[in-house]
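J.: One structure follows; several queries about it will come next.
The values are calculated or read from the model by the stated rules, or taken from the named source; none is laboratory data. Just so it is clear, the structure is predicted and the values come from calculations on it, not from any experiment. Positions of Cβ are generated from backbone atoms using ideal geometry, with glycine treated the same way; all protein chains shown enter the neighbour counts. Accessible surface is based on the protein model in full, side chains and every heavy atom, while ligands, DNA and RNA are left aside. Shrake-Rupley method; radii C 1.70, N 1.55, O 1.52, S 1.80 Å.
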Amino acid sequence: MKTIEISTASQPLSAYAEEFSNEMIVLTLHGKAIAVVTSFKKADSESLSLSMNPEFLEIIQEAREEFKAGKKLSLEEMKRELL
């Protein structure tokens, strides 16, 4: 991951994107992260959209907490629930 301070950047953003095409580029302003530039080589627009959706992230967090608490179904239980 590369961090670039916007106020002191010496190249156009496109040059950084090409140079660090396999890494995320975190753009900062006065030391605070304000944006991320990432390659679509290993992702698609739907995945990126979901990764920033607060409702989806909440569902994932709740599922992780339930799993840690032991609330899970076996494959047979899941089949019975769905079929």
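J.: Helix-only estimate, please: 222 nm mean residue ellipticity of the chain, summing -39500 (n - 2.57) across DSSP H runs of length 4 or more and dividing by its residues, to the nearest 500. Present the calculation step by step, with values, prior to reporting the outcome.
T.: Details: 4 runs with 37 residues, N = 83.
Mean residue ellipticity at 222 nm (helix-derived): -12500 deg cm²/dmol.
J.: May I pose another question? Can you list the HN-Hα couplings for segment 21-34, worked out from phi with the Karplus curve (6.51, -1.76, 1.60; θ = phi - 60°), rounded to whole Hz and with x for Gly and Pro?
T.: Running phi through 6.51 cos²θ - 1.76 cosθ + 1.60 with θ = phi - 60° gives 5, 9, 10, 7, 10, 9, 8, 10, 9, 6, x, 10, 5, 10 Hz.
J.: Could you run the Karplus curve 6.51 cos²θ - 1.76 cosθ + 1.60 with θ = phi - 60° over segment 50-61 and give me ³J(HN,Hα) per residue in whole Hz, x for Gly and Pro?
T.: Computed from phi, the couplings for segment 50-61 are 5, 5, 10, 8, x, 5, 5, 4, 5, 4, 4, 4 Hz.
J.: Ok, one more. For the chain, what % of the accessible area comes from carbon and sulfur atoms, probe 1.4 Å?
T.: On the way: 4110 of 7120 Å².
In the chain, the share of accessible area belonging to carbon and sulfur is 58 percent.
J.: Same structure, new question: Under a 5 Å amide H to amide H cut-off, with H placed in plane at 1.01 Å, what residues pair with Thr28 once short-range neighbours are removed?
T.: So Thr28 has HN proximity to Ile4, Glu5, Ile6, Ile34.
J.: Based on the Cβ-Cβ distance of Met78 and Ser45, what FRET efficiency does E = 1/(1 + (r/R0)^6) give at R0 = 35 Å, to the nearest 0.05? Could the numbers behind the result be given before it?
T.: Numbers: r = 30 Å, r/R0 = 0.85.
Rounded to the nearest 0.05, the efficiency is 0.75.
J.: Right, something else. Determine the per residue accessible area of the chain with all protein chains present and a 1.4 angstrom probe, expressed in square angstrom. Walk me through the intermediate numbers first.
T.: Details: 7120 Å² over 83 residues.
It amounts to 86 Å² per residue over the chain.
J.: Using the Cα centre as the reference, give the magnitude of the dipole from point charges on the C-beta atoms of the chain (Lys, Arg: +1; Asp, Glu: -1; all else neutral), rounded to the nearest 20 debye. Numbers along the way, then the final one.
T.: On the way: 10 positive and 14 negative charges, 40 e Å.
Once rounded to the nearest 20, the dipole reads 200 debye.
J.: Could you sort the peptides 23-30, 61-68 by per-residue average Cβ neighbour count (10 Å cutoff), highest mean leading?
T.: Details: 23-30: 14.0, 61-68: 10.2.
Per-residue Cβ counts within 10 Å, averaged per peptide and sorted highest first, yield 23-30, 61-68.
J.: P(r) of segment 13-74 in 10 Å steps, Cα pairs, percent per bin?
T.: That works out to 18, 31, 30, 16, 5, 0, in percent per bin.
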